[in-house]
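Working notes for the structure below.
The values are calculated or read from the model by the stated rules, or taken from the named source; none is laboratory data. Please read all numbers here as calculations on a predicted model, not as lab measurements. Cβ sites come from the backbone with ideal geometry, for glycine too, and all protein chains shown count toward neighbours. For accessibility, only protein heavy atoms count, side chains too; no ligands or nucleic acids. Shrake-Rupley method; radii C 1.70, N 1.55, O 1.52, S 1.80 Å.
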Amino acid sequence: MEQTEESNANKKCTKTRSFRDAANPHKHQYHYQHQLLQYSNQYGFCNQNQHQRYYPALLPLPTQMPFQLTLPPLPQNHGFRTKTHLHKPSCKLNNPPLAASSDTQVQNVAISPAPEGLQRPKSLPRKGDSGRGVIGARQPQSLVAARRPDSGGIEGPVISLLANHFLVRFDSSQRIFHYNVEISPNPSKEVARMIKQKLVMENPVMLSGAFPAYDGRKNLYSSVEFQNDRLEFYVSLPIPTSKTTLPNREFNDLLDKHQKLKLFRINIKLVSKFDGKELSSYLSKEGDDWVPLPQDYLHALDVILRESPTEKCISVGRSLYSNYMGGTKDIGGGAVGLRGFFQSLRPTQQGLALNVDFSVTAFHESIGVIPYLQKRLEFLRDLSQRKTRGLTGEEKKEVEKALKNIRVFVCHRESVQRYRVYGLTDEATENLWFADRDGKNLRLVTYFKEHYNYDIQFRNLPCLQISRSKPCYLPMELCMICEGQKFLGKLSDDQTARILKMGCQRPRERKAIIDGVMRGPVGPKSGIQGREFKLHVSGEMTRLNGRILQPPKLKLGDGGHVRDLTPSRHDRQWNLLDSHVFEGAQIERWALISFGGTSDQKSYIPKFINQLSQRCEQLGIFLNKNTIARPQFESTQVLNNVSLLESKLKKTHRAALNNLQLLICVMEKRHKGYADLKRIAETSIGVVSQCCLYPNLSKLSSQFLANLALKINAKVGGCTVALYNSLHSQIPRLLQSDEPVIFMGADVTHPHPLDDFSPSVAAVVGSMNWPAANKYVSRMRSQTHRQEIIQDLGAMVGELLEDFYQEVNKLPKRIIFFRDGVSETQFYKVLQEELQAIRGACSRFPDYKPLITFAVVQKRHHTRLFPFENDPSSTQTPFSDENIPPGTVVDTVITHPREFDFYLCSHWGVKGTSRPTHYHVLWDESQFTSDELQKLVYNLCYTFVRCTKPVSLVPPAYYAHLAAYRGRLYLDRAEPSAYMRSSPTLSRAAPPKATPLPKLSENVKKLMFYC
């Protein structure tokens, strides 16, 4: 009935996807270490001192069983055999014969090429059906990322800072020996680490006394050479050796209460030897400019520095979590928050640096499946009092959604097996039968009574299906959630608030936590690997100087008393009390529809309409005090019925003679029908909408009304602010008033981590006016599931260029393209394919070859900047725990040793510690200087339409993110989720062809409806 995951792992199937792969491993660092992250999805624990036990977390512990080498009786010094002296064991093993090893079967690890070493092509393709030029597979030359144009910017006063980068000094003459490791049968990453620990402990002579570092899969790094280039070992561990092929066999027939030993064969082969001279030369900027970053040595050093923390912590992507960091905190809904730290080795201008940051994430709470469901799902809260209740069809889907892919262990017997939940059985537990080994049909509840003397209590609930293709069942009440599993479900609003609060520390506190990690027992300096490989990691954060860019002068509407201003507050905010927006819209025809609400709440509507109209007038926006029809009051249930909702909205539109400019929707609370409302309004009807909640109407603060007015104004065609000194006057060397520039932003959003089918959504936005550059039109497309490269980029860019030509009567001389959502592992591929697509779009216009600047924008990184107080006595001042000021820019010391990148904190951090945005220029035909591009980006951050303060992300990228999210909303309710459409007993299939997004109405296509 039960199928062990270990036995599944033994099947050599390259299509098997790990639990962590589903988690989006968002973003790796300069060293392109995706091979460290592709696997490792089981979280077991090993006794680090004894190396003698391996159990799932929180499992009732069976009798301690020491490791033994399962080999024929041999002298102790023959616990290993070299390849040239290998003999078959004389004993008969219960395991099936292991596959014979072959010299040609040793698999070398391919290290991903780095973009730094790529060369510029002699020419670029100019034609293509979709605007995407394809570089041939045999083409010897490729693109190279832009180099830093100078030694950094000079504008702005200097500020002393600390960065959470810790300098790593290495001996460039230290040789590293890279060995390939093959273990058969293929173990989990945790078991592989146990095998490595045993080899090191019991074979010091053959390993030359080394303490090698291991990534848990294929790569082993040693500071000294082993006695032989090829070694073969046999190791047995007390892990279940179940190799059952019958789908209904009870796996743990350990009636003698003894653990069986599982035999592993380990082949170790020398792959390469290298030293750090090339890396040292690269970091010191010696040698040719096109020489690539030496990935092999950098990869090895990263594995070495992660060795000790990985043995002591739960590894999730590049982060490590441990109870040493303060324990767990219940965040409700069957989830707990766990503190940890992020660690990544980066090449920087000061040399190698270890980026260490505080991290928090949610894990599944390790409790029984039944109490877990009671916490997770509202409709099962009273399940323990109603043991006879079953599940309706919709309830079963919700339960399956909550449990799918979670690992569990059983508590009705001693076992170290762990099982992945693939789904639920169709039948209730009391109706399940299975065939035993002799073919006799047994009732499941009878089986557990006879074998374990246990009466199943929740007989009307389905069982857990723990095999992808075979009927293997486990009753829910006998299963426990394994500890250390990252919570992949969508967190509720309350859970999100609690997890954010856990990770929200002011700068001084966050700095203290990071310093504690560096000194602590689980940090990167806690092991012996540093001494083994002659590495020295500094315990002090990096000191550096940044600069504070000055805010731009802003232009407001002509109708206000204040028509221009320079934000002078420390947070760079400004108010519109005596001012008008730069361009106020005229809204004559609008309507209001309400969903739900009490009688008292509905009585707020007339006052709300009157005060909103007055606030708009104060801001220079005209909003008619009378709606086109009387406010329409509907039940919240209307939002649950798509066809009914569409008919209500169309009725409202007809009342305005099909000429409605704005629809305001007031809701009782947040509702999933919001997605349907937006889709219907913007694709079927052709009207922009603004939603708000009744609780906010009871207050009607001036700030709330102003924020609402700014969003409405932007959606119907107005804009909030413009730069007083236009961009071409600020950067006269490159920009001219009669040579227009288009700013573009692009982003891709992907479906939920547990969704294996839904398409990704790409969005591209482009500015449509020059020189103001503050109105953006969007294009959205669905594309292949989890495809990061924008597939229809050429077509979308071409459409935006056509729109720009219609508005400005010229094609732009320059295209400045900001690409969001790209990790450093993908820089080269994005540059290669998407730059070609942009060029292909331009080639559709005769003799049109604009200058292109392509920059990647990153928010999901872990570099933090802290103000550095030179005077220790000033640590108690009120401002000593403040964030760095808006406009802080860093382009030295912690940036890339050769490429054109910088960190810019353009916003004021009200809560927590500010995260600067990382801008990395991959291509620059305009040849911006550091000062020019930094000023350009910072000034644009003041033109965001939804607020009166600079934002943290350059607006083109910000708008692209909002537009991609809107496209995701169109799909979320338009088609069922992946787990509803896939049977738990079927193998995972390839993602289907992307469902196209519904077409936008012409009425809203050129408006900023997505704001």
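Determine whether VAL797 is buried (at least 24 other Cβ atoms within 10 Å of the Cβ) and not polar (S, T, N, Q). Against the criterion (buried (at least 24 other Cβ atoms within 10 Å of the Cβ) and not polar (S, T, N, Q)), VAL797 qualifies. Report yes if some residue within region 712-734 is farther than 27 Å from VAL857 by Cα, assigned to a helix (DSSP H, G or I) and open to solvent by 20 Å² or more (accessible area, probe 1.4 Å); otherwise report no. No, because not a single residue in region 712-734 is farther than 27 Å from VAL857 by Cα, assigned to a helix (DSSP H, G or I) and open to solvent by 20 Å² or more (accessible area, probe 1.4 Å).
Could you tell me whether region 550-564 includes any residue that is assigned to a strand (DSSP E or B), under 30 Å from ASN939 (Cα atoms) and at pLDDT 95 or above? Steps first, please.
Step one: filter region 550-564 for residues assigned to a strand (DSSP E or B), giving 554-555, 564.
Going one step further and asking which of them are under 30 Å from ASN939 (Cα atoms), we end up with 554-555, 564.
Imposing the further condition that a residue be at pLDDT 95 or above reduces the set to 554-555.
Yes, region 550-564 has at least one match.
Within region 662-677, the set of residues being open to solvent by less than 50 Å² (accessible area, probe 1.4 Å) and either in contact with a Lys or Arg (Cβ under 6 Å, 6 or more places away or on another chain) or not in a helix (DSSP H, G or I) (or both) comprises LEU662, LEU663, ILE664, CYS665, VAL666, MET667, HIS671, ALA675, ASP676. On the basis of being under 19 Å from LYS396 (Cα atoms) and assigned to a loop (DSSP other than H, G, I, E, B), does ARG437 make the cut? In short, no. Anything in region 359-374 that is open to solvent by 10 Å² or more (accessible area, probe 1.4 Å) and either within 30 Å of ALA163 (Cα to Cα) or without any contact (Cβ under 8 Å) to a residue 40 or more places away in the chain (or both)? List them, or say none. Matches in region 359-374: SER359, VAL360, THR361, PRO371, GLN374.
When region 620-655 is filtered for residues that are over 41 Å from the mean Cα position of the chain (by Cα) and closer than 12 Å to ILE685 by Cα, the ones remaining, listed by number, are LYS651, ARG654. For region 189-211, the set of residues classified as in a helix (DSSP H, G or I) and hydrophobic (A, V, I, L, M, F, W, C) consists of VAL191, ALA192, MET194, ILE195, LEU199, VAL200, MET201, listed by residue number.
Residue count for region 576-614 satisfying the condition of being among the small types (Gly, Ala, Ser), in contact (Cβ under 8 Å) with a residue 60 or more places away in the chain and part of a loop (DSSP other than H, G, I, E, B): 4. Scanning region 573-589 for residues that are under 20 Å from PHE1009 (Cβ atoms) and in contact with a helix residue (DSSP H, G or I) (Cβ under 9 Å, 6 or more places away or on another chain), we see that the one that is most open to solvent (accessible area, probe 1.4 Å) is GLU583. Here region 773-784 is the region considered, the condition is being open to solvent by less than 30 Å² (accessible area, probe 1.4 Å) and under 15 Å from TYR959 (Cβ atoms), and the residue that is nearest to the chain's Cα centre (by Cα) is MET780.
Condition check: polar (S, T, N, Q), surrounded by fewer than 20 Cβ atoms within 10 Å (Cβ to Cβ) and over 40 Å from the mean Cα position of the chain (by Cα). Does ASN658 satisfy that? Show your work before the answer.
Values: polar (S, T, N, Q): yes; surrounded by fewer than 20 Cβ atoms within 10 Å (Cβ to Cβ): yes; over 40 Å from the mean Cα position of the chain (by Cα): yes.
Yes; evaluated as a whole, the condition is true for this residue.
Here GLN787 clears all of (1) of a type in the set (S, T, N, Q); (2) crowded, with 23+ Cβ neighbours inside 10 Å; (3) under 25 Å from THR917 (Cα atoms) except the condition numbered (2). Is there a residue being closer than 25 Å to ILE331 by Cα, open to solvent by less than 50 Å² (accessible area, probe 1.4 Å) and modelled with pLDDT under 90 anywhere in region 433-444? No, region 433-444 has no match at all. Restricting attention to region 458-479 and to residues that are of a type in the set (Ser, Thr, Tyr) and farther than 22 Å from LEU380 by Cα, the residue that is modelled with the highest pLDDT turns out to be SER467.
ARG733 meets all of the listed conditions (1) modelled with pLDDT of 95 or more; (2) within 16 Å of ALA964 (Cα to Cα) but one, namely (2).
Taken over region 285-301, the residue count meeting the criterion of being over 17 Å from GLU824 (Cβ atoms) and modelled with pLDDT of 90 or more is 3.
Selection of region 494-549 for residues being basic (Lys, Arg), in a helix (DSSP H, G or I) and either touching a residue at least 60 places away in the same chain (Cβ under 8 Å) or within 28 Å of PRO950 (Cα to Cα) (or both) yields ARG498, LYS501, ARG508, ARG510, LYS511. Within region 212-236, the set of residues being outside any loop (DSSP other than H, G, I, E, B) and of a type in the set (Ser, Thr, Tyr) comprises TYR214, TYR221, SER222, TYR234, SER236. You will find that of GLY516, GLY530, GLY484, GLY539, the residue that is out of contact with any Leu (no Cβ under 6 Å at 6 or more places or on another chain), at pLDDT below 95 and open to solvent by 10 Å² or more (accessible area, probe 1.4 Å) is GLY530 and no other. Checking each residue in region 686-699 for being in contact with a Lys or Arg (Cβ under 7 Å, 6 or more places away or on another chain) and more than 21 Å from LYS1005 (Cα to Cα) picks out only LEU693. Of the residues examined, ARG531 is not one that is closer than 30 Å to LEU940 by Cα and of a type in the set (Lys, Arg). Just one of the listed residues (SER684, SER643) is open to solvent by 10 Å² or more (accessible area, probe 1.4 Å), in a helix (DSSP H, G or I) and without any contact (Cβ under 8 Å) to a residue 24 or more places away in the chain, and it is SER643. Right, VAL830: open to solvent by less than 10 Å² (accessible area, probe 1.4 Å), within 22 Å of ARG860 (Cβ to Cβ) and assigned to a loop (DSSP other than H, G, I, E, B) or not? Against the criterion (open to solvent by less than 10 Å² (accessible area, probe 1.4 Å), within 22 Å of ARG860 (Cβ to Cβ) and assigned to a loop (DSSP other than H, G, I, E, B)), VAL830 does not qualify.
Scanning region 322-350 for residues that are open to solvent by 10 Å² or more (accessible area, probe 1.4 Å), closer than 24 Å to LEU535 by Cβ and not in a loop (DSSP other than H, G, I, E, B) yields TYR324, MET325.
In this structure, CYS463 qualifies as open to solvent by less than 60 Å² (accessible area, probe 1.4 Å), farther than 30 Å from MET541 by Cα, touching a residue at least 24 places away in the same chain (Cβ under 8 Å) and in contact with a helix residue (DSSP H, G or I) (Cβ under 6 Å, 6 or more places away or on another chain).
Considering every residue within region 799-811, establish whether at least one is in contact (Cβ under 8 Å) with a residue 24 or more places away in the chain, over 30 Å from VAL716 (Cβ atoms) and not small (Gly, Ala, Ser). There is no residue in region 799-811 that is in contact (Cβ under 8 Å) with a residue 24 or more places away in the chain, over 30 Å from VAL716 (Cβ atoms) and not small (Gly, Ala, Ser). Scoring TYR938 on the criteria (1) in a helix (DSSP H, G or I); (2) touching a strand residue (DSSP E or B) at 6+ places or on another chain (Cβ under 6 Å) leaves a single failure, condition (2).
Against the criterion of being surrounded by fewer than 17 Cβ atoms within 10 Å (Cβ to Cβ) and either in a loop (DSSP other than H, G, I, E, B) or not polar (S, T, N, Q) (or both), GLU394 qualifies.
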